[in-house]
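The values are calculated or read from the model by the stated rules, or taken from the named source; none is laboratory data. Every value quoted in this text rests on a predicted model; they were computed, and no experiment measured them. So basically every Cβ, Gly included, is an ideal-geometry build from the backbone, and we count neighbours across all protein chains shown. What goes into the accessible areas is simple: the full protein's heavy atoms, side chains included, and nothing from ligands, DNA or RNA. Shrake-Rupley method; radii C 1.70, N 1.55, O 1.52, S 1.80 Å.
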Amino acid sequence: MIPMDRRTFLQLLGSSAVSTMLPTSIARALAIPAHHRTGSIQDIEHIVILMQENRSFDHYFGTLRGVRGFGDPHAVNLPSGKAVWYQPDGGNYVLPFHPTADHLGLQFLEDLAHDWSSTHAAWNQGHYDQWVPNKGSTTMAYLTRNDIPFHYALADAFTICDAYHCSLMGPTDPNRYYMWTGWVGNDGSGGGPVVDNAEAGYGWSTYPERLEKAGISWKIYQDIGTGLDANGYWGWTNDAYIGNYGDTSLLYFNQYRNAMPGNPLYDKARTGTNIALSGTPFDILRSDVLGNRLPQVSWIVAPEAYTEHPNWPANYGAWYVSQVLDTLTSNPEVWSKTALLITYDENDGFFDHMVPPCAPPSSSQGQSTVSTVNEIFPGNANYPSGPYGLGPRVPMVVVSPWSKGGWVCSEVFDHTSIIQFIERRFAPHHPDLKEHNISPWRRTVCGDLTSAFDFSKPHAHRPTLPDTQGYAPPDKNRHPDYAPVPPAHQALPKQEPGMRSARAIPYELHVAARVDDNKLWIDFKNSGRAGACFHVRSTDASAGPWYYTVEREKSLSESWSPQGSYDQTVYGPNGFLRRFKGQLATRRTTLRVNSHYDVDRNGLDLVLVNEGHAHCEVSVDNTYNGESISYVLAPGERIEKRWHLDESFGWYDLIVRANAEEGFLQRLAGHLETGEDSVSDPAMAVPAWQV
């Protein structure tokens, strides 16, 4: 990355690739102030969840300014040695590509394989290099701001989460079970574990049942289609413009199937509008909003044509989301107390470059300080064993009076984070609301979404969003698939220039390497407020990857016995990276490299210690400001260099080279979290043509 001064950083922070104009629904949402009573999460009185279908983060937002997208400077390398974007296809590769069809956001882009088996095959034990063989070349297709302007402008107006993952490497229903119950019956109870869309009828507990028992009001907003029972296929109809597409996955649980009118499980989950007779999908929701009857927790489930599930167009979904927002803001008093969470159940077969966190698949593939019980599917006659998740990243946009301003939040989340958010809001007065289905590993790795909000200082920023009236379906037809073809001349996609305001997140991570008895040791330590999952990759294609989960205030160590050279890279959340490279057989001295954070002074202390018996020549390059320094350390000498991170807004990327052994290199990159808001990684801010 080229050096930049603070003025340039600030210009990039304020830049935007495209000027936008807004519909009344979002303008109204931005204009309504937050209900600021306590300055805490207690000011939220209504949590609304809208889970759409089958889009990955990179597929939608890889080019969005200021998120960890196509400009990610810390993307992993594949076993081939190429960056993760170069997905193998036989003897060639396919890069992410932008399809050439006109009005791409209204195209009926083909659906891809998104089952358990093909997704685990694409993941390939973490090697992450089998997407094209298992999903087809369309997996690498992506959309831009010009294609889906409403989605981009919604992210620019509110807060986007760029480390939100689906819960399971597999299809729709299991991912929705995670949202509604915390797991897929992982322990074998109630008909689980479930990794497919069998919809056979299950019996483990669901979160709405906890809400009901605690006296927290809840409701499902949906259309009944031809009936929300077995005869009506639980809302799944041949008419894609009515019903719920079978996405009210609560209805696959026996306690809901067997409920009768008068039972809350029936009245709140098996009723809805009847579009086929009259009205719109939003009539009951609008009536409840205007009548001040919106429940404390509610879920909105769209008819098939509006879910964004391929081959249905992305912008049909934009129209639907706009209508939902228009409805919720029709009563300013209600909206001032509401948080709307918009996400996607899974990624379909669309590629995302971020290797998801997961529990170690076996004892030889990593460690965890927290129990990983019920996080590994044992396999059965139909599906291979493997980690349940996390799955690939999917979009999550937090839309509320407490998330205005175009922020990015980079804490790791998954669908269980939605339950954890509801717990955080209501459980202080209702201890039984804690969902025991969520495993200890999930709670360690996945946050509760509160970092995406600012309850103490609601942001008053009021950008504008594009109109969506032109996205209303022009007919009631399902059109043939559009199957794009990768271009003959491929190129890496460019991300929009500029930075984005970033929410404070709770990480403080330390990883260092040492050599003892001809073994390379990597030490992991977590002094932050949240657990973290690291994964380690080697340039030796026959080894790894390995996964390490470290709880807050915990540590662990792992050793390797390299035969000759070694080259291990550790990846963690929010761009955290450590690389350790060298060759023990050529060791002439021992250089110890450590770092310490100075949170109060926004600094990083780099410590170099020559623990050997010969002089050691060392150079350190700071890629953010272009500074390069050199040292010659005598045996036993210790040097400490402080790097002040104000100019780079807390981001650092240092490369240490030395003649301690052949090819010696260590790289330390990441972000210093101070508890204060910051900005997105400046290394993603500069367009390629400026470098």
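Quick notes on this one:
- Counted residues, region 538-575 - those being under 28 Å from E617 (Cβ atoms) and not aliphatic (A, V, I, L, M): 14
- Residues of region 555-607 classified as of a type in the set (S, T, N, Q), in contact with a Ser or Thr (Cβ under 6 Å, 6 or more places away or on another chain), assigned to a strand (DSSP E or B) and at pLDDT 95 or above, total: 1
- Odd one out for A157 among (1) under 30 Å from A502 (Cα atoms); (2) at pLDDT 95 or above: (2)
- Among residues of region 651-681, those that are more than 30 Å from T590 (Cα to Cα) and either without any contact (Cβ under 8 Å) to a residue 60 or more places away in the chain or not aliphatic (A, V, I, L, M) (or both), counted: 8
Here is a yes/no grid of residues against (1) of a type outside the set (A, V, I, L, M, F, W, C); (2) out of contact with any Gly (no Cβ under 6 Å at 6 or more places or on another chain); (3) open to solvent by less than 10 Å² (accessible area, probe 1.4 Å):
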position	(1), (2), (3)
E199	yes, yes, no
G203	yes, no, no
T206	yes, yes, yes
L211	no, yes, yes
T226	yes, no, no
T237	yes, no, no
I242	no, no, no
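- Qualifying residue in region 292-301 (condition: out of contact with any strand residue (DSSP E or B) (no Cβ under 7 Å at 6 or more places or on another chain) and either surrounded by 21 or more Cβ atoms within 10 Å (Cβ to Cβ) or among the small types (G, A, S) (or both)): no
- Residues located in region 144-167, provided they are part of a loop (DSSP other than H, G, I, E, B), aliphatic (A, V, I, L, M) and either surrounded by fewer than 21 Cβ atoms within 10 Å (Cβ to Cβ) or over 17 Å from the mean Cα position of the chain (by Cα) (or both): I148
- Of residues in region 168-189 being surrounded by fewer than 17 Cβ atoms within 10 Å (Cβ to Cβ) and in contact (Cβ under 8 Å) with a residue 12 or more places away in the chain, the one farthest from P387 (Cα to Cα): S189
- All conditions in (1) open to solvent by 50 Å² or more (accessible area, probe 1.4 Å); (2) touching a helix residue (DSSP H, G or I) at 6+ places or on another chain (Cβ under 8 Å); (3) not in a loop (DSSP other than H, G, I, E, B) hold for V289, with the sole exception of (1).
- Single residue of N238, N254 found to be at negative phi and more than 32 Å from the chain's Cα centre (by Cα): N238
- Residue check, C409 within 16 Å of Y178 (Cα to Cα), open to solvent by less than 10 Å² (accessible area, probe 1.4 Å) and in contact with a strand residue (DSSP E or B) (Cβ under 8 Å, 6 or more places away or on another chain): no
- S368 being touching a strand residue (DSSP E or B) at 6+ places or on another chain (Cβ under 7 Å) and either under 26 Å from D247 (Cα atoms) or surrounded by fewer than 24 Cβ atoms within 10 Å (Cβ to Cβ) (or both): yes
- All positions within region 517-549 that are free of Cβ contacts under 8 Å to residues at least 24 places away in the same chain and over 15 Å from P361 (Cβ atoms): D517, R529, S542
- Among the conditions (1) open to solvent by 30 Å² or more (accessible area, probe 1.4 Å); (2) touching an Asp or Glu at 6+ places or on another chain (Cβ under 8 Å); (3) closer than 20 Å to Q296 by Cα; (4) not charged (D, E, K, R), W402 misses just one, which is (1).
- One residue from S249, S217 being surrounded by fewer than 20 Cβ atoms within 10 Å (Cβ to Cβ) and of a type in the set (G, A, S): S217
- Qualifying residue in region 432-446 (condition: modelled with pLDDT under 95 and more than 14 Å from A339 (Cα to Cα)): yes
- Sole residue being within 21 Å of the chain's Cα centre (by Cα), β-branched (V, I, T) and either at pLDDT 95 or above or more than 20 Å from N146 (Cα to Cα) (or both), chosen from V84, V94: V84
- So A259, is it open to solvent by 10 Å² or more (accessible area, probe 1.4 Å), of a type in the set (A, V, I, L, M, F, W, C) and either modelled with pLDDT of 95 or more or not in a helix (DSSP H, G or I) (or both): no
- Cβ separations smaller than 6 Å between residues 6+ apart or across chains give the following pairs from region 594-612 residues that are on the phi > 0 side of the Ramachandran plot to residues that are at pLDDT below 95 and in a loop (DSSP other than H, G, I, E, B): N602/L645; N602/D646.
- Only one of the numbered conditions (1) farther than 23 Å from W183 by Cβ; (2) modelled with pLDDT of 95 or more is violated by Y252, and that is (1).
- The residues of region 322-340 include none that are under 19 Å from the mean Cα position of the chain (by Cα) and either assigned to a helix (DSSP H, G or I) or polar (S, T, N, Q) (or both).
- Residues located in region 105-127, provided they are farther than 15 Å from N347 by Cα and assigned to a loop (DSSP other than H, G, I, E, B): Q107, F108, H127
This table checks each residue for (1) open to solvent by 50 Å² or more (accessible area, probe 1.4 Å); (2) touching a residue at least 24 places away in the same chain (Cβ under 8 Å).
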residue: V76; (1), (2): no, yes
residue: P96; (1), (2): no, yes
residue: D102; (1), (2): yes, no
residue: F108; (1), (2): no, yes
residue: D111; (1), (2): yes, yes
residue: T119; (1), (2): no, yes
residue: Y128; (1), (2): no, yes
residue: W131; (1), (2): no, yes
residue: Y142; (1), (2): no, yes
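- Complete set of residues in region 366-396 that are under 20 Å from A543 (Cα atoms) and either basic (K, R) or under 23 Å from the mean Cα position of the chain (by Cα) (or both): G366, Q367, S368, G386, P387
- Flag if N315 is assigned to a loop (DSSP other than H, G, I, E, B) and in contact with a Phe, Trp or Tyr (Cβ under 7 Å, 6 or more places away or on another chain): no
- Restricted to region 632-691, the set of strands (runs of 3 or more DSSP E) holding at least 2 residues that are crowded, with 17+ Cβ neighbours inside 10 Å comprises 651-658, 665-671.
- Restricting region 341-364 to residues that are among the polar types (S, T, N, Q) and either assigned to a loop (DSSP other than H, G, I, E, B) or closer than 21 Å to Q495 by Cα (or both), the residue that is most open to solvent (accessible area, probe 1.4 Å) is S362.
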